[in-house]
Every structure is written in C-alpha cells, then in structure tokens.
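The structure under discussion appears below in the form of structure tokens.
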Amino acid sequence: MKVLLVDGTIVGRKTGAVLEQVKMYIQEFQPDMELDILSLADYEHQFVDGRPLGEYNSSMQELARRFNEADGYIIASPIFQGSIPGVLKNTFDLLHPHTMRYKPVSIVANGGTYQHHLVIENQLKPILDYFRSLVTPNYVYTHTSHFDADNNIISEDVHDRLRELARVFVQYAEMSKHLSKETLDQH
Ligand SMILES: Cc1cc2nc3c(=O)[nH]c(=O)nc-3n(C[C@H](O)[C@H](O)[C@H](O)COP(=O)(O)O)c2cc1C
C-alpha cells in the first residue's frame, strides 16, 4: 500500500516537520506501508483552469500522477488567511474527482493562532468529502507554541494525538482495501 504524505505549502518548515513525525508513527504501526513525502515546493505550479491534464507542464502532470498512484494520503496544511494555501487548493483542482475516492485520508494542519483550527472542519474536510475520501475522524492541529526553535514538536499531547491519528489511519487503510473503487453510479 502506497501512501502519499502531502506537504501542502511551498514556504515554512512546521507543516513538513509534522508530516515527518506522522510518517514515523505510521511506520511504527505498519512497517510494510510505502510512505512517500510529496512536497508542493518541489513542483512548478501553474494555475488550474480546466484545460486537459496533457496541456499542463510536465511538473503538474507528475503531480497528478503521484496522487493517482497513491492508495491513501496524509494531507498537511498551514493556515493562510483563515483558509488553506492557494497552492494546495490549486493542486486539488488539478485532480480528477475520482483520484482519492474511497481512499483513506488524514489531516494535519498548523497555524499561528488557535482560533483557526476549524478551517480543517469547515474548509478542508468538505473538499475531501467531495472527493469521497475516507477521512479519519481525528485530525491534528498544531500551533507555533508546540514547536521549539528547530521545529521539533515539544508538546507530548500533540505527540499522543499524532500517534492516535497514525493508528486510526492504518485501520482506515485496511478498511479501504475491502471497499471496491468501482461505483454503481456515474458520478
Ligand atoms: C500568508 C500567510 C497567511 C497566514 N495566515 C494565517 C491565518 O490566517 N491563521 C493562522 O493561524 N496562521 C496564519 N499564518 C501562519 C501560518 O499558518 C504558519 O506560518 C504556518 O502554519 C507554518 O509555520 P512555519 O511557517 O513556521 O512553518 C499565515 C502565514 C502566512 C505566510
């Protein structure tokens, strides 16, 4: 099973640091899982405007290919202006609506203010619901104060929540193996 851990920003370090930590915890629960980090900073982004995938640059096509080939995802996002970064939304816009269908997804997010944790509930989850992903009921929101100067997570509570997220994600991944990706409807 191939899992893509998506660092949904092109600036900053904390989002990537949380992703690395999640990767370690998933490995502890399921050493056989193939875990690939995809950093949006490594791609040459173009605005998605509805043209066929083949008309985007090769970097965008590679981005879509990696999403298509994965069996599950950890989506990591910082909070920008009370929302997710444009580059992450643009990436979702690039994907075929079936790309993440019935595949397990867990969310981690990081913000400069505690007040914005509901961005996950109100903005990120609805997008993943549109994709009909199996979104785990638990997500983890971190705040600047949970990190030291080297971006290590210093909050034991955050570590516990990340461990629990990893445990549930592994269970959802198992569940998704038994859920056919074929649909009876045409949507
Ligand atoms: C353009 C921009 C807008 C931001 N807007 C918010 C915001 O609305 N709410 C919030 O909690 N944090 C906001 N932040 C802080 C980021 O969420 C924080 O920097 C991010 O989680 C990553 O941390 P890092 O840059 O130290 O890695 C913003 C940061 C930037 C660069």
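The values are calculated or read from the model by the stated rules, or taken from the named source; none is laboratory data. Predicted model only: the values in this text are computed from it and were never measured. When we count neighbours, we look across all protein chains shown, and the Cβ atoms used for this are built from the backbone with ideal geometry, even at glycine.
If I ask for residues that are out of contact with any Gly (no Cβ under 8 Å at 6 or more places or on another chain) and either in contact (Cβ under 8 Å) with a residue 40 or more places away in the chain or within 20 Å of Val22 (Cα to Cα) (or both), which ones from region 128-141 would you list?
Once the filter is applied, which keeps residues that are out of contact with any Gly (no Cβ under 8 Å at 6 or more places or on another chain) and either in contact (Cβ under 8 Å) with a residue 40 or more places away in the chain or within 20 Å of Val22 (Cα to Cα) (or both), region 128-141 yields Leu128, Ser133, Leu134, Val135, Thr136, Pro137, Asn138, Tyr139, Val140.
Exactly one of these conditions fails for Thr183: (1) in a loop (DSSP other than H, G, I, E, B); (2) within 19 Å of Tyr73 (Cβ to Cβ); (3) of a type in the set (Ser, Thr, Tyr). Give me its number.
Of everything listed in (1) in a loop (DSSP other than H, G, I, E, B); (2) within 19 Å of Tyr73 (Cβ to Cβ); (3) of a type in the set (Ser, Thr, Tyr), Thr183 misses just condition (2).
Please list, ordered by first then second residue, the pairs with beta carbon atoms under 8 Å, 6 or more apart or interchain, first in region 80-95 and closer than 23 Å to Glu69 by Cβ and aromatic (Phe, Trp, Tyr), second away from the ligand (no atom under 11 Å from the Cβ) and part of a helix (DSSP H, G or I).
Phe92/Ile127
Please find, among Thr9, Thr15, Thr99, the residue that is in a helix (DSSP H, G or I) and of a type in the set (Ser, Thr, Tyr).
Thr15
Considering only residues of region 99-113 that are within 8 Å of the ligand (Cβ to nearest atom) and of a type outside the set (A, V, I, L, M, F, W, C), which is farthest from Ala64 (Cα to Cα)?
Thr113
Does Gly50 qualify as being part of a loop (DSSP other than H, G, I, E, B) and away from the ligand (no atom under 16 Å from the Cβ)?
yes
Determine, yes or no, whether Ser106 is without any contact (Cβ under 8 Å) to a residue 12 or more places away in the chain and closer than 15 Å to Thr15 by Cα.
Against the criterion (without any contact (Cβ under 8 Å) to a residue 12 or more places away in the chain and closer than 15 Å to Thr15 by Cα), Ser106 does not qualify.
Mind listing just one residue for me: the one in region 64-77 that is surrounded by 23 or more Cβ atoms within 10 Å (Cβ to Cβ) and not hydroxyl-bearing (Ser, Thr, Tyr) and, of those, nearest to the ligand (Cβ to nearest atom)?
Ala76
Can Ile10 be described as under 20 Å from Arg132 (Cβ atoms), modelled with pLDDT of 95 or more and within 16 Å of the ligand (Cβ to nearest atom)?
no
Can you tell me which residue within region 13-36, out of those that are within 16 Å of the ligand (Cβ to nearest atom) and of a type in the set (D, E, K, R), is surrounded by the most Cβ atoms within 10 Å (Cβ to Cβ)?
Lys14
Yes/no per residue for (1) of a type outside the set (D, E, K, R); (2) surrounded by 13 or more Cβ atoms within 10 Å (Cβ to Cβ); (3) modelled with pLDDT of 95 or more; (4) at positive phi:
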position: Leu40; (1), (2), (3), (4): yes, yes, yes, no
position: Tyr43; (1), (2), (3), (4): yes, yes, yes, no
position: Glu55; (1), (2), (3), (4): no, no, yes, no
position: Ile84; (1), (2), (3), (4): yes, yes, yes, no
position: Arg101; (1), (2), (3), (4): no, yes, yes, no
position: Val105; (1), (2), (3), (4): yes, yes, yes, no
position: Gly111; (1), (2), (3), (4): yes, yes, yes, no
position: Ile120; (1), (2), (3), (4): yes, yes, yes, no
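Name the residues in region 117-150 that are within 16 Å of the ligand (Cβ to nearest atom), assigned to a loop (DSSP other than H, G, I, E, B) and closer than 19 Å to Leu165 by Cβ, would you?
His117, Tyr139
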